[in-house]
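Everything below concerns the one structure shown next.
The values are calculated or read from the model by the stated rules, or taken from the named source; none is laboratory data. Note that this is a predicted model, so its numbers are computed, not measured. Note that we place each Cβ from the backbone using ideal geometry, even for glycine, and neighbour counts take in every protein chain shown. All accessible areas refer to the heavy atoms of the entire protein, side chains included, with ligands and DNA or RNA removed. Shrake-Rupley method; radii C 1.70, N 1.55, O 1.52, S 1.80 Å.
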Amino acid sequence: MNTKLFILLLNLLFCCVVVNAQNDQKSDLHKRAEAVDPVHNIANARSMFIHAFNDYYNKGQIMLGVECAVKATALYYRENYYKEAFDLLRRADEVINAASASGSEKAAMHYPVTKERLQMYIKLRKSDSAKDQLTILEGLASQSGQESVKNDLLYTKAIYYYTFGMNAQGNAVFKEMADKLTAKKDYDKVDEVYKTLIANGRRSNNANMVAQSYSNYLAWKDSTNAMKHADEIKALKQQIADNEASISEKDSSLTTRQLIIIGLCILAAALAAALAVGAFVLLRYILLTRKQKKTIRLANESNALKAKFISNISAQLDPTLRNLDSSIPEVKALMDFSQHIQTLSQLENSTDSIELEDTQMPPFCEGLMDQIRDKVKSGVTLSVNAPNMSASIHRDYVSHILLHLLNNAAIYTPEGGTISLDFKKRGPHAYQFLVSDTGEGIPEEKREDIFKPFLEIRDLTTGDGLGLPICKQMALKMNGDLDLDPKFTRGTRFMLDLHT
């Protein structure tokens, strides 16, 4: 057998060690070393690889350094510098041992170093030393846990066996490699190696090897053809299944589209019907709105006429009432009622804008409270709480409202009670007055009606019930509001909110 040729073919076909370092990860020294042609300048190439090994070692890139050391070693013993080659491999082992890496990583780095040492012993025809290195390689491959290293071990063992004439062991290792490649469906590589074995047997006149290789090749060929046919049938079945699935999917998609189109048609019909109904409702709404607007306009005109009529009646009664004795309580009550009606009517119908006046709050509030001091019952405490600031208000309206509320508080607050007047700023242009008393309070059922005029027939000598409605209208005229505080439960609290 032409051993060198067979080893070269095995090296080309079954060298499965994965080179992880990509070209762009290599240093400039490494690239320059690979660029040198070792055939014409072997010493320069070797020197460059050694420099690259030292550079990688200094940078801590041990794997790439080991690659350069192994290449430099091969260039040493190509010129029979075995001592230098062994020394360089020994140094590479020392560098690996000193590296901070796991046991499996170190085993993977020791493997190419030990393999190169084995190659040298094979070249020197030292079978015992080569066998020792092969044993070490087996341990390193197992320790590394890498499948690529284990595959490379098979190819290395085949080289060893064929080199030292152990053809049976070589054939067994070769079969193991062929089975692995067959399992991976790499049929062409196995076919080529079998043919190479047969050709080498013929060249070496080894009839037994030719017959054995040819017999193994035919058996492998038959099993491979069966596997190929099985794979082709499987592929065809898969293709048929894929086509059926595709047809089913398209059919389902077509059905879905048809359902979508039907649904869209139904939706369009429903929308058209909804639009027709909507148009009818809108037209009816427009007609009703016009009717309602007309009704509201007539109601407003009627209310205005009623207010004017009431105001006119009140104004016409004034001259007669002045001729009566105002000391009579009934006459006095009737005169006040007439005056209140005119005031309420003027507030409701007036469109004049009001003028605001900047007012200091503490003296303003104290002045109002002073006006009721002689009207409160014994022991009633009067309290004013107003920060030292000014506010723009309509003094007449605010004074009228607060005095009315304070007078009512003086009437309904029992002895020993409290009446409070508070002023608070609620925002940049928002203010609030609070008038509180500790009287019996307003019953819940009457709270909604206290600001509505003319709801009941009253004895005018006990009050006409127009005081709070007039105050409410004044608050609205000032862009504000007057209301009860529903959360206050210890008596009555009115809130006058103003917005300027």
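One table, with the values for the structure above:
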| read-out | value |
| --- | --- |
| Label-point separation, Asn44 to Thr256 (7 Å along Cα→Cβ), nm | 6.8 nm |
| Accessible area (Å², per residue) of segment 384-448, counting only protein heavy atoms and a probe of 1.4 Å | 51 Å² |
| With DNA, RNA and ligands ignored, accessible area of Met495 (1.4 Å probe; Å², nearest 10) | 40 Å² |
| Two-site FRET efficiency, Glu249 against Ala183, from Cβ-Cβ distance with R₀ of 25 Å, rounded to 0.05 | 0.15 |
| Segment Asp191-Lys59, length gained on full extension (0.36 nm per residue, minus Cα span) | 43.1 nm |
| Gln432-Glu357 pseudo-label distance in nm [points 7 Å out on the Cα-to-Cβ vector] | 2.7 nm |
| Nearest-10 value in Å² for the accessible area of Lys150, using the 1.4 Å probe | 80 Å² |
| Loop-located trypsin sites (Lys or Arg not before Pro) in segment 377-450 whose Cβ has at most 16 other Cβ within 10 Å (DSSP) | Lys377 |
| Point-to-point label distance, Ala74-Thr500, nm (Cα→Cβ direction, 7 Å offset) | 9.9 nm |
| Rounded accessible area per residue of segment 112-194, 1.4 Å, Å² | 45 Å² |
| Probe 1.4 Å - accessible area at Lys83, Å² to nearest ten | 140 Å² |
| At R0 = 35 Å, FRET efficiency that the Cβ-Cβ distance of Arg490 and Met389 yields, to 0.05 | 0.80 |
| Fully extended contour minus Cα-Cα distance, from Asp374 to Glu415, at 0.36 nm per residue | 13.4 nm |
| Theoretical gain in end-to-end length, Ser129 to Thr381 [0.36 nm per residue, Cα-Cα removed] | 78.8 nm |
